[in-house]
1. Is it the case that region 6-13 has a residue that's in contact with a Pro (Cβ under 9 Å, 6 or more places away or on another chain) and either among the basic types (Lys, Arg) or modelled with pLDDT under 85 (or both)?
2. Taking residue 136, is it in a helix (DSSP H, G or I) and modelled with pLDDT of 90 or more?
3. Give me the residue from region 121-167 that is touching a residue at least 12 places away in the same chain (Cβ under 8 Å) and on the phi > 0 side of the Ramachandran plot and, out of that set, surrounded by the fewest Cβ atoms within 10 Å (Cβ to Cβ).
4. Every residue in region 183-198 that is surrounded by 19 or more Cβ atoms within 10 Å (Cβ to Cβ) and modelled with pLDDT under 90, please.
5. Hey, residue 73 hits all of (1) on the phi > 0 side of the Ramachandran plot; (2) crowded, with 16+ Cβ neighbours inside 10 Å; (3) of a type in the set (Gly, Ala, Ser) but one; which does it fall short on?
6. Looking only at region 141-172, count how many residues are farther than 19 Å from residue 194 by Cα and either part of a loop (DSSP other than H, G, I, E, B) or of a type in the set (A, V, I, L, M, F, W, C) (or both).
7. Looking only at region 126-179, how many residues end up being of a type in the set (Gly, Ala, Ser), over 27 Å from the mean Cα position of the chain (by Cα) and under 20 Å from residue 212 (Cα atoms)?
8. Being assigned by TED's automatic domain parsing to the domain that holds residue 70 and either outside any loop (DSSP other than H, G, I, E, B) or over 25 Å from residue 39 (Cα atoms) (or both) is the requirement here; does residue 92 meet it?
Amino acid sequence: MPHRPFGPPPMPPPPASEPQGILWAFVPFLTLGFGTPFSFLYAAMRRNSWNLGMTALGYGVGTGAVLMLMGTGEPLTALLGSVMMMMLWIAGSAHSFAVRGSVFPRANPHSRHNAHAIEVARYRRMLRADARGLAAEDPGLAHELRIGRPDLPRAYDDGGLIDVNHAPPPVLATLPGLSPELVERVVSRRGEQGGFVSAEELSVDADLPPEVLPKLAEYAIFLP
């Protein structure tokens with residue numbers, strides 16, 4: 001069975017960055033108001049907002065009207081167009097900064113860290129599945145890699161597996177659901193029969209409570 005080539009573990013979320021959308025908010029100011037319709041159109045698409053879309057349309061109509069007035073060649077009309085353009089420039093710049101927070105909302109840091117924790121848990125689950133596959137193919141190699149033996153020096157990451165047949169009692173005690181009394185029972189039965197072949201056999205032979213089996217099966221491995 002081929003083993004998945006795992007990449008590096010998920011990186012933790014970066015620290016909170018500077019407020020987003022600063023460059024976007026500056027577009028109307030830097031373009032003297034001519035870029036305002038395009039910046040609000042981008043905001044409308046980003047947030048899927050009809051209100052922002054109508055705002056972009058309004059700025060577009062206003063900018064078009066200003067350009068028509070400035071292009072008539074009449075001094076007074078051109079002056080009126082320039083004044084209107086100045087008003088659109090100021091209004092668009094102020095408006096963009098006013099709505100920047102809603103266009104580029106800050107991510108909740110708790111959500112970012114929770115998402116990272118989920119990614120790490122899924123990654124370690126894949127490591128456990130890969131280690132189980134390797135152990136099933138080549139138990140000798142699994143022993144050499146010390147799969148399920150966090151008490152021994154090793155380089156292989158098995159995702160947190162515990163070898164029930166060989167790990168010492170303090171390590172068995174880290175398995176979910178195993179109380180000190182249950183660990184003693186497992187160690188005793190292990191000494192009597194030499195080990196187990198599955199979590200189901202362990203549960204029956206050591207008379208474990210039924211609710212322990214699902215938790216135990218996720219992290220237990222049984223090397224010969």
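The values are calculated or read from the model by the stated rules, or taken from the named source; none is laboratory data. These numbers were taken from a predicted model, which means no experiment stands behind them. So basically every Cβ, Gly included, is an ideal-geometry build from the backbone, and we count neighbours across all protein chains shown.
1. yes
2. So residue 136 fits the description; yes.
3. Of everything passing the filter in region 121-167, 160 is surrounded by the fewest Cβ atoms within 10 Å (Cβ to Cβ).
4. none
5. Condition not satisfied by residue 73: (2).
6. 14
7. The total comes to 5.
8. For residue 92, the condition - assigned by TED's automatic domain parsing to the domain that holds residue 70 and either outside any loop (DSSP other than H, G, I, E, B) or over 25 Å from residue 39 (Cα atoms) (or both) - is met.
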